[in-house]
Amino acid sequence: MTNTLGGRPARPASMLDVARRAGVSQQTVSRVSNGSEAVKPETRERVLAAMAELGYRPNSAARALKSGRFMRIGVLMHNLNSFGASRMLEAINFEAARRGYSIELIAVSDPSTGEVTRALSRLDHEAVDGIVLRLDTHRSPEQDIGFPSGIPTVIVEGDSFDDRVAVDADQRQGAQLAVQHLLDLGHPTVWHVAGAEGYASAAERERAWRDTLAAAGRTAPALVRGDWSPESGYAAGKRLLQEPDVTAVFCANDQMALGVLRAFHEAGRAVPAEASVVGFDDTQESAYFWPPLTTVHQDLEGVGASAVTLLLAQIEDGPVAPGVRLTQNQLIVRKSTDAWNG
């Protein structure tokens, strides 16, 4: 409801009004508005309560002129429906808000060089302080992508750039955990249901599968390709059922593993007694598959929070050394894998 005085709208609450109501200085109100961490938690809560009570809204334009920052991060993502993208966006949004920043999201359906460049240009005109870019697809050479000049960027989950800051879960390490787990259980080799072509994560997981088998002196079986969906996993499972020596399967994500489990169940191929199955992602549903799925847990929340931290370090403190920062994964062992005694 709008406050009125004498039938006319009352003036908007000012910073001075908030300061008086909270019993603090205007400088403290300004610090809270700008997301500064140099304010005691109890004081911050008192100031925020006064803002809410008075309906105070900081003037973002004036704040930008004063601080040189808009307190807004641009986020560019492809394939928002995927598990990784949704979890990453949630983590980025949470950490940005915790640090006093909002986000401006642009989703691209086509991760081509031209589409990405146009989306980056849009963000350049949206008054953002920095950009987080997540595509998870192979890219064209860097010079083909038009990064806005003077705007800090962080790349997450995809091909990195030599002179830019990037952060990702260690895809190779995660896949190595999955394959080595199956080898340690005594399986003679491990079959692989790979993710869709063109995805950086799928390529890294496939490469690690081959390398881990080679390091153990095992021959990699014929690759079975999926597209991340349960349907493609089901088709892959039907294909694997044609191979009588399949005892262990590493799927590039949990959804394809679900399809493989369905195909094996329909054919009477017992999991894990006759074949062990491992996924990747540790989705919420994976613990409730039948049998509960052994899978690789990615710390996507940690990756998203690190991306924001690295971006704000560039925005607030200056350049950060380029290169990829990798977070480690964890193998979650459940009931879909067991020792092989064949």
> From the set of residues in segment 285-325 that are farther than 21 Å from His181 by Cα and either among the charged types (D, E, K, R) or part of a strand (DSSP E or B) (or both), which is most open to solvent (accessible area, probe 1.4 Å)?
Replying inline: Asp317
>> Of everything in segment 96-132, what is over 21 Å from Arg164 (Cβ atoms) and either among the acidic types (Asp, Glu) or in a helix (DSSP H, G or I) (or both)? Give them in sequence order.
In response: Ala97, Arg98, Asp110
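Of all residues in segment 227-267, which are part of a loop (DSSP other than H, G, I, E, B), touching a residue at least 40 places away in the same chain (Cβ under 8 Å) and open to solvent by 30 Å² or more (accessible area, probe 1.4 Å)? Explain how you work it out, then say what you get.
Initially, segment 227-267 is screened for residues part of a loop (DSSP other than H, G, I, E, B), giving 227-229, 241-247, 252-253, 267.
Next cut, touching a residue at least 40 places away in the same chain (Cβ under 8 Å) only: 228, 243, 245-247, 252-253.
Within segment 227-267, Trp228, Glu243, Asp245 qualify.
Which one is nearest to Ala203 (Cα to Cα) among residues in segment 139-163 that are at pLDDT 85 or above and not in a strand (DSSP E or B)? Steps first, answer last, please.
Looking only at segment 139-163, we keep the residues that are at pLDDT 85 or above, and these are 151-156.
The next check asks that each one be not in a strand (DSSP E or B); those that pass are 151-152.
Details: Ile151: 30, Pro152: 28 Å.
So, considering only residues that are at pLDDT 85 or above and not in a strand (DSSP E or B), the one nearest to Ala203 (Cα to Cα) is Pro152.
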> Are any of the residues in segment 324-331 more than 30 Å from His265 (Cα to Cα), among the charged types (D, E, K, R) and either touching a Phe, Trp or Tyr at 6+ places or on another chain (Cβ under 6 Å) or free of Cβ contacts under 8 Å to residues at least 12 places away in the same chain (or both)?
Replying inline: no
> Which ones in segment 268-284 are over 18 Å from Gly342 (Cα atoms) and open to solvent by less than 40 Å² (accessible area, probe 1.4 Å)?
Replying inline: Val278, Gly279, Phe280, Asp281, Asp282, Thr283
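Can you pull out the residues in segment 205-256 that are aromatic (Phe, Trp, Tyr) and closer than 18 Å to Pro272 by Cα?
In the first step, residues of segment 205-256 are kept if they are aromatic (Phe, Trp, Tyr); the result is 209, 228, 234, 250.
Correct list: Tyr234, Phe250.
Give segment 182-191 a look and list any residue that's assigned to a helix (DSSP H, G or I) and open to solvent by 30 Å² or more (accessible area, probe 1.4 Å), or say none. Outline the logic, then answer.
If we filter segment 182-191 for residues that are assigned to a helix (DSSP H, G or I), which is where we start, we get 182-184.
Correct list: Asp184 only.
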> Among (1) farther than 19 Å from Asp299 by Cα; (2) under 25 Å from the mean Cα position of the chain (by Cα); (3) not basic (Lys, Arg), which single condition is Gly174 missing?
Replying inline: (1)
>> Could you go through segment 17-37 and let me know if any residue there is at pLDDT 80 or above, in a loop (DSSP other than H, G, I, E, B) and open to solvent by 40 Å² or more (accessible area, probe 1.4 Å).
In response: yes
> If you take the residues of segment 192-206 that are over 19 Å from the mean Cα position of the chain (by Cα) and either in a loop (DSSP other than H, G, I, E, B) or not acidic (Asp, Glu) (or both), which of them is nearest to Gly217 (Cα to Cα)?
Replying inline: His192
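Is at least one residue of segment 208-222 free of Cβ contacts under 8 Å to residues at least 40 places away in the same chain and of a type in the set (Ser, Thr, Tyr)?
Going through segment 208-222, the residues free of Cβ contacts under 8 Å to residues at least 40 places away in the same chain turn out to be 208, 210-222.
Still in the running and of a type in the set (Ser, Thr, Tyr): 212, 219.
Checking segment 208-222: at least one residue is free of Cβ contacts under 8 Å to residues at least 40 places away in the same chain and of a type in the set (Ser, Thr, Tyr).
The values are calculated or read from the model by the stated rules, or taken from the named source; none is laboratory data. Given the structure is predicted, the values throughout are model-derived calculations rather than measurements. Ideal geometry is used to build each Cβ from the backbone, glycine not excepted, and the neighbour counts take in all protein chains shown. Accessible surface is based on the protein model in full, side chains and every heavy atom, while ligands, DNA and RNA are left aside. Shrake-Rupley method; radii C 1.70, N 1.55, O 1.52, S 1.80 Å.
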